[in-house]
Amino acid sequence: GAVVSQHPSRVICKSGTSVKIECRSLDFQATTMFWYRQFPKQSLMLMATSNEGSKATYEQGVEKDKFLINHASLTLSTLTVTSAHPEDSSFYICSARKSSGSGELFFGEGSRLTVL
Amino acid sequence: QQQVKQSPQSLIVQKGGISIINCAYENTAFDYFPWYQQFPGKGPALLIAIRPDVSEKKEGRFTISFNKSAKQFSLHIMDSQPGDSATYFCAGSTLGRLYFGRGTQLTVWP
């Protein structure tokens, strides 16, 4: 099946620093990628929809200046958590939609962010 | 507002038994209903999915039953195994966006 890779899988940073998380579709092109946030034992919350070559669409309540999303190519989207604080600690998951065929959605393995 | 309601929140089943998870939705624009399996510390993986023009879909031990008039769908796991222990999420999709249920933590006892 199609593979979506996220990097890093775990990151620990100090409060006030910025962290970048990459999401790559390894064997297919993805015009659209999605970023989710998941708290322990809770569901996935859609943060934003990222379209290649255009600005991301953020869900209500998600700060676009806090969570910067860039989708510069058909295989890569990045999420940058700017000036991270402990409350930003979470599990961030991306998904990528195949540009061709059924348009099936594939999820990455997630990135665990811990802000000290 | 939770667009997809999922129950139960947790489920304990003996090995060999049937696990049943139920979901209900309100948004009639949903045109795709996937189920995802998630293990701790991992991203969700697509298990099985159905479109609203079909009432049932079976793949191996996993079956989705879909009731369009009632706006409900369910996942049945036959012959449940300890390796099935995970969190299961149902979802509804419209315009390419997924709306997840709250999840069901399934534990299968050996």
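Check every one of the strands (runs of 3 or more DSSP E) wholly within the range A:4-116 and list those with 1 or more residues that are more than 14 Å from every other protein chain (Cβ to nearest Cβ) and open to solvent by 70 Å² or more (accessible area, probe 1.4 Å).
A:10-13, A:19-25, A:67-73
Enumerate the strands (runs of 3 or more DSSP E) found wholly within the range B:1-101, keeping only those where 3 or more residues are within 29 Å of residue A:112 (Cβ to Cβ).
Correct list: B:4-7, B:10-14, B:19-25, B:33-38, B:45-50, B:86-94, B:97-100.
So, in the range A:53-100, exactly how many residues are in contact (Cβ under 8 Å) with a residue 24 or more places away in the chain and under 23 Å from residue A:31 (Cα atoms)?
20
Among the candidates B:49, B:24, which residue alone is hydrophobic (A, V, I, L, M, F, W, C) and either exposed (fewer than 13 other Cβ atoms within 10 Å of the Cβ) or modelled with pLDDT of 95 or more (or both)? Don't jump to the end; show me each part of the working.
Details: B:49 fails: either exposed (fewer than 13 other Cβ atoms within 10 Å of the Cβ) or modelled with pLDDT of 95 or more (or both).
It is B:24.
Given the conditions (1) under 27 Å from residue B:31 (Cα atoms); (2) in contact (Cβ under 8 Å) with a residue 24 or more places away in the chain; (3) of a type outside the set (A, V, I, L, M), and given that residue A:15 satisfies all but one, which numbered condition is not satisfied?
(1)
Given the criterion more than 15 Å from the chain's Cα centre (by Cα) and among the small types (Gly, Ala, Ser), identify the matching residue among B:103, B:83. Spell out how you get there, then give the answer.
Working: B:103 fails: more than 15 Å from the chain's Cα centre (by Cα).
Result: B:83 is the single residue among B:103, B:83 that is more than 15 Å from the chain's Cα centre (by Cα) and among the small types (Gly, Ala, Ser).
Assuming residue B:73 fulfils every condition listed in (1) within 14 Å of chain A (Cβ to nearest Cβ); (2) closer than 25 Å to residue B:30 by Cα; (3) at pLDDT 95 or above; (4) open to solvent by less than 40 Å² (accessible area, probe 1.4 Å) apart from one, which condition is it?
Against the list (1) within 14 Å of chain A (Cβ to nearest Cβ); (2) closer than 25 Å to residue B:30 by Cα; (3) at pLDDT 95 or above; (4) open to solvent by less than 40 Å² (accessible area, probe 1.4 Å), residue B:73 comes up short only on (1).
Hey, among the residues in the range B:27-39 that are more than 13 Å from residue B:103 (Cα to Cα) and within 12 Å of chain A (Cβ to nearest Cβ), which one's surrounded by the most Cβ atoms within 10 Å (Cβ to Cβ)?
Applying the filter and picking the extreme gives B:32.
Any idea which of (1) within 13 Å of another protein chain (Cβ to nearest Cβ); (2) open to solvent by less than 50 Å² (accessible area, probe 1.4 Å); (3) within 16 Å of residue B:44 (Cβ to Cβ) is the one residue B:84 doesn't satisfy?
Tallying (1) within 13 Å of another protein chain (Cβ to nearest Cβ); (2) open to solvent by less than 50 Å² (accessible area, probe 1.4 Å); (3) within 16 Å of residue B:44 (Cβ to Cβ), residue B:84 fails exactly one: (1).
The values are calculated or read from the model by the stated rules, or taken from the named source; none is laboratory data. Predicted model only: the values in this text are computed from it and were never measured. Every residue, glycine as well, gets a Cβ built from its backbone with ideal geometry; the counts of neighbours run over all protein chains shown. These area figures cover heavy atoms from the full protein model, side chains too; ligands, DNA and RNA do not enter into them. Shrake-Rupley method; radii C 1.70, N 1.55, O 1.52, S 1.80 Å.
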